[in-house]
Amino acid sequence: QLSSALLPFSLPKPKPKPKPKPNPDPNPALRHASDGEAAWGRERGPGVWRAGGVAMGAVLSTVVFQPPPPVYLSRHRIFWLSRHYHGGYDDIGYEIPAYFLDRGSNLTILFSHGNAEDIGYSFSWFSELSQALGVNFMAYEYTGYGMARGRFAMRRPDLPRLEPSEEAVYGDVEAAFRWLTEVKGIPSEQIILYGRSLGSGPSCYMAQKCAREGVKLAGLILQSPLLSIYRVTFDFRFTLPGDFFANIDRIGEVEAPVFIIHGVDDPIVPFWHGQALLRAVSEPYRVKPMWVRGAGHNNIEVLLSLDRRLMPALREFFAKVRVRRLGVARD
């Protein structure tokens with residue numbers, strides 16, 4: 001049984017809420033915020049980050065990433081992945097931190113974290129979880145999050161500080177995947193992509209990319225996943241220009257077992273997002289989901305650990321993945 005002191009891994013200590021200020025937004029109905037996870041549509045200071053540089057007119061022009069205050073890991077626990085900066089300059093190298101927990105397993109999880117967290121928030125939880133499950137584990141940082149904010153700026157103070165974007169996050173997960181396969185020499189068919197909340201975006205992107213390139217994966221786990229950013233607020237039946245992390249447009253191409261976990265009472269990414277994604281998964285790869293009654297967005301680990309459902313569910317999925325891999329190898 002995992003230590004309950006480590007749960008929930010994604011939440012910083014609660015801070016007192018500031019007194020409300022006058023809302024300068026001409027359309028306050030577009031604001032959506034809750035328990036420290038995501039506040040898509042919220043302004044940051046005098047300006048905003050734009051979703052991939054694309055605005056959706058006056059209806060929904062900005063979608064905001066929410067990096068929390070960095071949680072620093074000691075140097076012996078992390079390493080640095082090479083990346084490149086694109087933004088009006090020649091390509092300039094920078095680095096993002098990552099960590100790898102080697103448990104001597106033939107399965108490796110590549111984790112993409114949620115919005116209001118960084119890899120430091122989750123280290124203790126996943127260190128214990130990977131040990132209990134007996135699987136290798138890797139987490140990487142998003143450009144503009146955690147320790148991936150200042151390293152580039154310190155080397156080139158004449159350039160703007162790194163900021164998160166959809167394109168940058170996709171490049172981040174590709175860099176992490178390359179490190180596992182090329183540096184560690186782990187076969188792709190032993191890698192399970194695991195995305196939580198916002199992290200479902202890069203995980204679905206990488207799973208689709210592998211399928212298109214004929215690269216086999218062990219599986220895909222999505223926890224509290226979203227259909228797309230715009231659909232968090234609006235129930236669109238199709239993807240609008242400027243939308244991003246459009247998982248609903250990618251997941252049907254995934255060619256690996258897909259296990260979805262979602263809280264039935266999720267107030268941030270509604271439960272029906274998980275249901276719709278499950279329906280879009282190709283039938284051969286659709287695994288029985290885990291719908292957690294009474295769970296919201298940030299307390300799934302707490303509830304599943306208290307009633308001891310989390311570990312058996314993950315072990316069952318890993319067993320299915322291993323059996324499938326053996327069958328594919330025989331074919």
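Residues checked against (1) of a type in the set (S, T, N, Q); (2) open to solvent by 10 Å² or more (accessible area, probe 1.4 Å); (3) under 14 Å from L110 (Cβ atoms):
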residue: P164; (1), (2), (3): no, no, no
residue: A175; (1), (2), (3): no, no, yes
residue: P187; (1), (2), (3): no, yes, yes
residue: Y205; (1), (2), (3): no, yes, yes
residue: K209; (1), (2), (3): no, yes, yes
residue: L220; (1), (2), (3): no, no, yes
residue: S228; (1), (2), (3): yes, no, no
Looking at region 290-321, which of its residues are exposed (fewer than 13 other Cβ atoms within 10 Å of the Cβ), closer than 24 Å to I191 by Cα and not small (G, A, S)? P312
Could you list, in sequence order, the residues of region 258-289 that are open to solvent by less than 10 Å² (accessible area, probe 1.4 Å) and more than 17 Å from G201 (Cα to Cα)? G263
Kindly provide the set of residues from region 167-194 that are at pLDDT 95 or above, part of a helix (DSSP H, G or I) and either at positive phi or aliphatic (A, V, I, L, M) (or both), ordered by number. V173, A175, A176, L180, V183
Yes or no: R231 touching a residue at least 24 places away in the same chain (Cβ under 8 Å) and over 21 Å from the mean Cα position of the chain (by Cα)? no
Out of the residues in region 99-152 that are among the hydroxyl-bearing types (S, T, Y) and open to solvent by 10 Å² or more (accessible area, probe 1.4 Å), state the one that is farthest from H297 (Cα to Cα). S105
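The values are calculated or read from the model by the stated rules, or taken from the named source; none is laboratory data. Just so it is clear, the structure is predicted and the values come from calculations on it, not from any experiment. All Cβ positions, glycine included, derive from the backbone under ideal geometry; neighbour counts span all protein chains shown. Note: areas computed on protein heavy atoms with side chains; ligands, DNA, RNA excluded. Shrake-Rupley method; radii C 1.70, N 1.55, O 1.52, S 1.80 Å.
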